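Taking it in order: structure first as structure tokens, then the write-up.
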Amino acid sequence: MLIPTTPPTIHWTHQGQAQQALWRSESGASAPRRVETADDTLAADTAYRMACEGTGLLWQGDFQNARHLLQALMRRVDKKPRKAAAKASQKLATATAAEAFHLHRQAQAQRARVLASVLIPLEGDYSIALRRAPDWRQACTEAWGPATGARSVATLRELLGLVGAHEWRKKGVEIPALGAPPLNRIHPHYGVFSPVRGEYVGLVAAAPLPGKALAFDIGVGTGVLSAVLARRGVQRVVATDQDPRALACARENLQRLQLLDRVELQQADLFPSGRAPLVVCNPPWVPARANSPIEHAVYDEGSRMLKGFLAGLSAHLEPGGEGWLILSDMAEHLGLRPREQLLAWIAEAGLVVRGRNDVKPVHAKAADAQDALHAARAAEVTSLWRLAAA
């Protein structure tokens, strides 16, 4: 029996009156314990001090000034005092790759907490009743579902993320492996990992198919790999995901690409029933704890999905079939999972490596020497491991 949960609420006082509203946080963050109303008279230095103390600033002034305040907070949080910056640099210089990664994530989390202090009130239809406020109702509806009529509060930073995702959803991401326009774009939904790093898609588009009758796509996401397999002539694809958002996103994309009649979508954790000559999986690449639900597409704590895929693969392969594991070696360069561990898991699962296709990623951070993880990003290689039952 499911026990209904009470939606979280946020509480504050305005003009002597106690107020409350639903608290919305896709990151899973709790509502700030202390909330103060704020407007255009609030100085940025004061706001920064309050944000560092954990106070939420519920905006009552001009909306565009709230955006200016967020930018001011960003400048302050990114500009460390010289002594603190020197100490942080020294600590990073002597840290192992794994330590540097965890320090980087700690700094990111602290930065996110400070920047999440600017709060925006939303009316029951997701409109924002502030001066010069934009109409973001459609973006909110896409992310949260239809409005219920209840007032709510969200961080300005998260709202900006919703709008950014809404624009990506409208524009889409061009996937050369899907052919010529207009049927070659994937439109990611909010909270579903976007295939902006197309090198792994290219690997799936180029590897020799062991058969074209059936394929399983484990962790369908936007549906991009299912679409590539269908375009390559695979007659039927069974694609799984445990996230309803991903399944809805994949369904919409496959329908737009006129491929939905070739792909069956199932809500499942890892494998569907049965066996296939080809089983494809692109798990999260970094074995670390996700700080928010959205990060589960990037971080796989304890390599749960990777190990689950390897352990169950042999039982879902037809004789002579292949499992394609798409994986970056970023975890190896960060000291989080050595290559020997991956090879041991493959062997323990009764699998052998038939071949491996590699590609060097091309993205801006790999060339950014100022990036905290530059060394690992510059050395990264993405691989398609062709696995078979021993």
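The values are calculated or read from the model by the stated rules, or taken from the named source; none is laboratory data. Just so you know, these numbers come straight off a predicted model, no measurement behind them. Every residue, glycine among them, receives a Cβ derived from its backbone with ideal geometry; neighbour counts consider all protein chains shown. The area values use the complete protein model at the heavy-atom level, side chains included, leaving out ligands, DNA and RNA. Shrake-Rupley method; radii C 1.70, N 1.55, O 1.52, S 1.80 Å.
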Residues within the stretch 127-151 that are assigned to a loop (DSSP other than H, G, I, E, B), within 17 Å of Pro7 (Cα to Cα), in contact (Cβ under 8 Å) with a residue 12 or more places away in the chain and under 25 Å from the mean Cα position of the chain (by Cα), tallied: 1
Tabulated pairs, the stretch 374-390, first over 21 Å from Pro277 (Cβ atoms), second of a type in the set (Gly, Ala, Ser) and not in a strand (DSSP E or B), C-beta under 6 angstrom, 6+ apart or interchain: Arg377/Ala366; Ala378/Ala366
Pick from the stretch 30-50, criterion over 15 Å from Ile120 (Cβ atoms) and not hydroxyl-bearing (Ser, Thr, Tyr), ranking: surrounded by the most Cβ atoms within 10 Å (Cβ to Cβ): Met50
Some residue of the stretch 343-365 being touching a His at 6+ places or on another chain (Cβ under 9 Å) and modelled with pLDDT under 95: yes
Matching residues in the stretch 278-322 - criterion: being more than 21 Å from Ala239 (Cβ to Cβ) and touching a strand residue (DSSP E or B) at 6+ places or on another chain (Cβ under 9 Å): Val286, Pro287, Ala288, Arg289, Ala290, Asn291, Tyr299, Pro319, Gly320
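For the stretch 267-292: of the residues being in a strand (DSSP E or B) and within 28 Å of Glu174 (Cβ to Cβ), which is most open to solvent (accessible area, probe 1.4 Å)?
First, the residues of the stretch 267-292 that are in a strand (DSSP E or B): 267, 276-281, 286.
Keeping just the survivors that are within 28 Å of Glu174 (Cβ to Cβ) gives 278-281, 286.
Numbers: Leu278: 0, Val279: 0, Val280: 0, Cys281: 0, Val286: 15 Å².
So, considering only residues that are in a strand (DSSP E or B) and within 28 Å of Glu174 (Cβ to Cβ), the one most open to solvent (accessible area, probe 1.4 Å) is Val286.
Does Ala248 qualify as being farther than 20 Å from Phe193 by Cα, open to solvent by 40 Å² or more (accessible area, probe 1.4 Å) and among the hydrophobic types (A, V, I, L, M, F, W, C)?
Details: farther than 20 Å from Phe193 by Cα: no; open to solvent by 40 Å² or more (accessible area, probe 1.4 Å): yes; among the hydrophobic types (A, V, I, L, M, F, W, C): yes.
No; evaluated as a whole, the condition is false for this residue.
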Residue in the stretch 119-173 that is surrounded by the fewest Cβ atoms within 10 Å (Cβ to Cβ), counting only those that are closer than 21 Å to Gly61 by Cα and among the acidic types (Asp, Glu): Asp135
Scope the stretch 329-356; condition surrounded by fewer than 21 Cβ atoms within 10 Å (Cβ to Cβ) and assigned to a strand (DSSP E or B); matching residues: Val352, Val353, Arg354, Gly355, Arg356
Output for the stretch 177-193, where each listed residue is in contact with a Ser or Thr (Cβ under 8 Å, 6 or more places away or on another chain), open to solvent by 20 Å² or more (accessible area, probe 1.4 Å) and hydrophobic (A, V, I, L, M, F, W, C): Phe193
Residue match in the stretch 90-99 (condition: within 30 Å of His333 (Cα to Cα), open to solvent by less than 30 Å² (accessible area, probe 1.4 Å) and not polar (S, T, N, Q)): yes
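Condition first: small (Gly, Ala, Ser), within 22 Å of Pro195 (Cα to Cα) and in contact (Cβ under 8 Å) with a residue 24 or more places away in the chain. Can you find one or more residues in the stretch 347-356 that meet it?
Of all residues in the stretch 347-356, those small (Gly, Ala, Ser) come to 347, 349-350, 355.
From what's left, within 22 Å of Pro195 (Cα to Cα): none.
Among the residues of the stretch 347-356, not one is small (Gly, Ala, Ser), within 22 Å of Pro195 (Cα to Cα) and in contact (Cβ under 8 Å) with a residue 24 or more places away in the chain, which makes the answer no.
Does Ala100 qualify as being at pLDDT below 90 and assigned to a loop (DSSP other than H, G, I, E, B)?
Working: at pLDDT below 90: yes; assigned to a loop (DSSP other than H, G, I, E, B): no.
Answer is no for this residue.
Being closer than 13 Å to Leu214 by Cα and free of Cβ contacts under 8 Å to residues at least 40 places away in the same chain is the filter; apply it to the stretch 234-272 and report the residue that is nearest to the chain's Cα centre (by Cα). Don't jump to the end; show me each part of the working.
Filtering the stretch 234-272 down to residues closer than 13 Å to Leu214 by Cα leaves 234-239, 262-264, 272.
With free of Cβ contacts under 8 Å to residues at least 40 places away in the same chain added as a condition, the list becomes 235-239, 262, 264.
Numbers: Gln235: 30, Arg236: 28, Val237: 24, Val238: 23, Ala239: 19, Arg262: 27, Glu264: 24 Å.
Only one residue fits best here, namely Ala239.
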Residue that is part of a helix (DSSP H, G or I), modelled with pLDDT of 85 or more and either among the hydrophobic types (A, V, I, L, M, F, W, C) or touching a Lys or Arg at 6+ places or on another chain (Cβ under 6 Å) (or both), where the choices are Leu57, Leu70, Leu92: Leu70
Pairs, first more than 28 Å from Ala51 (Cβ to Cβ) in the stretch 155-180, second open to solvent by 30 Å² or more (accessible area, probe 1.4 Å) and part of a helix (DSSP H, G or I), C-beta under 8 Å, six or more apart: Arg169/Glu142; Pro176/Gly202; Ala177/Gly202; Ala177/Ala205; Ala177/Arg231; Leu178/Arg231; Gly179/Arg231
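Do you know which of the residues in the stretch 293-320 that are farther than 24 Å from Ala98 by Cβ and touching a Lys or Arg at 6+ places or on another chain (Cβ under 7 Å) is most open to solvent (accessible area, probe 1.4 Å)? I'd like the intermediate steps shown before the answer.
Here is the first cut: in the stretch 293-320, the residues farther than 24 Å from Ala98 by Cβ are 293, 311-320.
Cutting the leftovers down to touching a Lys or Arg at 6+ places or on another chain (Cβ under 7 Å) gives us 316-318.
On the way: His316: 37, Leu317: 7, Glu318: 74 Å².
Top of the filtered list is Glu318.
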